[in-house]
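The values are calculated or read from the model by the stated rules, or taken from the named source; none is laboratory data. Keep in mind that what you see is a predicted model, and the values were worked out from it rather than measured. Note that each Cβ is placed from the backbone with ideal geometry, even for glycine, and that neighbours are counted across all protein chains shown. Quick note on the areas: whole protein, heavy atoms, side chains included, nothing else; ligands and nucleic acids left out. Shrake-Rupley method; radii C 1.70, N 1.55, O 1.52, S 1.80 Å.
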There are 2 protein chains.
Amino acid sequence: VSELVPVRWLGDSVEYLDQRALPGDVVYRQARTVDDIVEAIATLSVRGAPCIGVFAAYGIAVLKASLPPERFVEAAARVRAARPTAVNLAWAVDRVMASPDALAAAVAIAEEQMRTDERIGQSGLSLVPNGAGIITHCNTGALATGGRGTALEVILAAHRAGKRPRVYVDETRPLLQGARLNYLELDRAGVDVRVIVDGAAAFVMQREQIDLAIVGADRIAANGDTANKIGTYGLAVAASYHHVPFYVAAPLSTFDRSLATGSEIPIELRSEEEVTSFRGTPVAPGACAYNPAFDVTPGTLIAGIVTECGVLRAPFEPAIAEVFAAPRTSTA
Amino acid sequence: VSELVPVRWLGDSVEYLDQRALPGDVVYRQARTVDDIVEAIATLSVRGAPCIGVFAAYGIAVLKASLPPERFVEAAARVRAARPTAVNLAWAVDRVMASPDALAAAVAIAEEQMRTDERIGQSGLSLVPNGAGIITHCNTGALATGGRGTALEVILAAHRAGKRPRVYVDETRPLLQGARLNYLELDRAGVDVRVIVDGAAAFVMQREQIDLAIVGADRIAANGDTANKIGTYGLAVAASYHHVPFYVAAPLSTFDRSLATGSEIPIELRSEEEVTSFRGTPVAPGACAYNPAFDVTPGTLIAGIVTECGVLRAPFEPAIAEVFAAPRTSTA
């Protein structure tokens, strides 16, 4: 089984795995122009908030080397706006733009992601009991971060530690990142995993022994409110009803302390066709659909936020302020 | 726009609309043998608890006219067991078997369903405010009952009364009865309707003005616990969290007072392929899936059960006992 590498630097371009084709086809593409880069992000060929950050960082390095300064600034702004909800995209673009050596900054972001994800896995390990029943949503593995994963890395760390987790993966409509990608990554690692439709999660919590739910994040406000893939909020509500602790796993680069609460996080609305068709098969041709790509889970429903600097606990506002104020060993 | 008729008596066979092919294709088939009848039910060509009852009733009439007595009894038992969760199937088979004139009993069941559904619509009308935002799950229209519908007939009655409901239809994975069938029926009637993925329901309740949720039922226990399409329970939990009243609409034939609580209702597990592929398009080929077709919503989450004899309110056990004890004008 070959490794699936979501983003790779090729010297004068950035290569990416077209995640839309998985798990059926493994297709790598090269991005050289701003159009290539924006399209890869907007079509979700590259997806997962931290992975978008890594890809955009390399993309900015490509553009800086190939464009005259004025066109470069304009192109970078287009990349930065390719998707509105994940904050890692803007964070990575701004960091590379501010660096005198764009490529070195991009490489640093990619390498830090790997170490950050390892630390997230270690931070979350103690939250997973032996033989834990776990529900997760969307994809949060290496494919989603370009490193080792966030929520999925917590599960994999528990698996490597011999805890034998039993995992239920929400399929995650409309784009099925759970059924297509999270299942693939967990199954390849040898984890006991099965796919459920999103609507079955509450039933599974009611009837099976479920010890925790854990998901990733696209943006976390200063009070812990968390934007993540549509369906996350309903899962958090169901977890609360069943007294199942609900965790978010995310690097500090996912926090946006400029937003006081989640109500300020912009929610991307995507095309109706994502709902009215199913991988190219029409379901309800011509039907009207409402397709928010993300939702916001209030911090009050979250038992803990697993970061590279440990597990943050409620009340989140002071906990988040504290972790950002603390002197940190550089992760670079 | 021609009427879609889910079940029709042809004199020596029973015709049914193959609902698997909707909304793309309108295909009618004839059932003459026990294999035809069982297959139509087991494959969900005929679906919706009351509609299965009507179809099975005509099916028993076909079999009674065409089989010798011993083979008839065996065949009827197979029809009765074609699906385990909906109680209307067993109810209809038993009623036709107990009647000296099988066909007359089947016709009576079909005609009663029409009148019962009309009364359900009238019973539920006062629950729907003007301009109500409504969420519903799965399909509960004429296609699901062979009459006028249950939960959907409440919405249609409100629409006809000029209340201008705004309806969000859960797509209802895995078989997408919401996106394919409920959308179709509401749109044809001119109702303001849009499809959402099941995971978006909680977000819609959080951000939009939603006044009620209303669903159908496959079996209701003596205490009001209600089995319905997978995803119903999660919707009820989300409704409870958002203080949105959650209603069930069902005829009295859906009640199974022999079961004290919902924990006794058998839950049909269906094939993993329903989750891992869609209409022949593979999503996660070879993946393990867990595919319960129904879940059970505790009566404690239900604001009212809309029947042809009015809206039952908690505590449901005495309310249900009372409606069954009351002298009723025959609906025949």
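Would you check which residues across segment A:51-93 are among the acidic types (Asp, Glu) and buried (at least 24 other Cβ atoms within 10 Å of the Cβ) and list them? Working first, answer last.
From segment A:51-93, those among the acidic types (Asp, Glu) are A:70, A:74; that's our starting set.
Correct list: empty.
Report yes if A:LEU175 is away from chain B (no Cβ under 13 Å) and open to solvent by 10 Å² or more (accessible area, probe 1.4 Å), otherwise no. When the stated conditions are applied, A:LEU175 does not pass them. Every residue in segment A:141-154 that is in contact with a Leu (Cβ under 9 Å, 6 or more places away or on another chain) and open to solvent by 10 Å² or more (accessible area, probe 1.4 Å), please. A:ALA142, A:ARG148 - these are the residues of segment A:141-154 that are in contact with a Leu (Cβ under 9 Å, 6 or more places away or on another chain) and open to solvent by 10 Å² or more (accessible area, probe 1.4 Å).
Checking the conditions here, which among A:LEU10, A:LEU17, A:LEU4 is surrounded by fewer than 24 Cβ atoms within 10 Å (Cβ to Cβ) and farther than 26 Å from A:GLY178 by Cβ? Can you show your working first?
Working: A:LEU17 fails: farther than 26 Å from A:GLY178 by Cβ; A:LEU4 fails: farther than 26 Å from A:GLY178 by Cβ.
Sole residue among the options that is surrounded by fewer than 24 Cβ atoms within 10 Å (Cβ to Cβ) and farther than 26 Å from A:GLY178 by Cβ: A:LEU10.
How many residues does segment B:113-137 contain that are within 29 Å of B:ALA202 (Cβ to Cβ) and open to solvent by less than 10 Å² (accessible area, probe 1.4 Å)?
At the first step, the residues of segment B:113-137 found to be within 29 Å of B:ALA202 (Cβ to Cβ) are B:120-121, B:123-137.
Right, trim to open to solvent by less than 10 Å² (accessible area, probe 1.4 Å) and you get B:120-121, B:124, B:128, B:132-137.
Total meeting the criteria: 10.
It is to be established whether one or more residues within segment B:250-273 are open to solvent by less than 50 Å² (accessible area, probe 1.4 Å) and within 30 Å of A:LEU22 (Cβ to Cβ).
Of segment B:250-273, the ones open to solvent by less than 50 Å² (accessible area, probe 1.4 Å) are B:250-256, B:259, B:261-262, B:265, B:267-268, B:270.
Filter once more, so that each one left must be within 30 Å of A:LEU22 (Cβ to Cβ): B:270.
Yes, there is a match, as at least one residue in segment B:250-273 is open to solvent by less than 50 Å² (accessible area, probe 1.4 Å) and within 30 Å of A:LEU22 (Cβ to Cβ).
B:ARG166 meets all of the listed conditions (1) within 13 Å of another protein chain (Cβ to nearest Cβ); (2) open to solvent by less than 10 Å² (accessible area, probe 1.4 Å) but one, namely (2). Here's a check for you: in segment A:187-215, which residue that is of a type in the set (D, E, K, R), within 8 Å of chain B (Cβ to nearest Cβ) and touching a residue at least 24 places away in the same chain (Cβ under 8 Å) is most open to solvent (accessible area, probe 1.4 Å)? Here the residue is A:ARG194.
Selection of segment A:216-231 for residues being within 11 Å of chain B (Cβ to nearest Cβ), in contact with a Pro (Cβ under 9 Å, 6 or more places away or on another chain) and more than 19 Å from B:ALA236 (Cα to Cα) yields only A:ALA227. Here A:LEU184 meets each of (1) in a loop (DSSP other than H, G, I, E, B); (2) within 10 Å of chain B (Cβ to nearest Cβ); (3) hydrophobic (A, V, I, L, M, F, W, C) with one exception, condition (1).
Looking across A:THR281, A:THR276, one residue alone is without any contact (Cβ under 8 Å) to a residue 12 or more places away in the chain, within 14 Å of another protein chain (Cβ to nearest Cβ) and either out of contact with any Asp or Glu (no Cβ under 8 Å at 6 or more places or on another chain) or more than 20 Å from A:THR307 (Cα to Cα) (or both). It is A:THR281. The residue list A:VAL306, A:VAL296 contains one member that is within 9 Å of chain B (Cβ to nearest Cβ) and surrounded by 17 or more Cβ atoms within 10 Å (Cβ to Cβ), which is A:VAL296.
Every condition in (1) open to solvent by 10 Å² or more (accessible area, probe 1.4 Å); (2) under 16 Å from B:ASN139 (Cβ atoms); (3) facing chain A (nearest Cβ under 8 Å); (4) not polar (S, T, N, Q) is met by B:GLY234 except one, and the failing one is (2).
Condition check ((1) modelled with pLDDT under 95; (2) within 18 Å of the chain's Cα centre (by Cα)) across all residues:
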residue	(1), (2)
B:ASP218	no, yes
B:LEU235	no, yes
B:SER263	no, no
B:GLU268	no, yes
B:ALA321	no, no
B:ARG328	yes, no
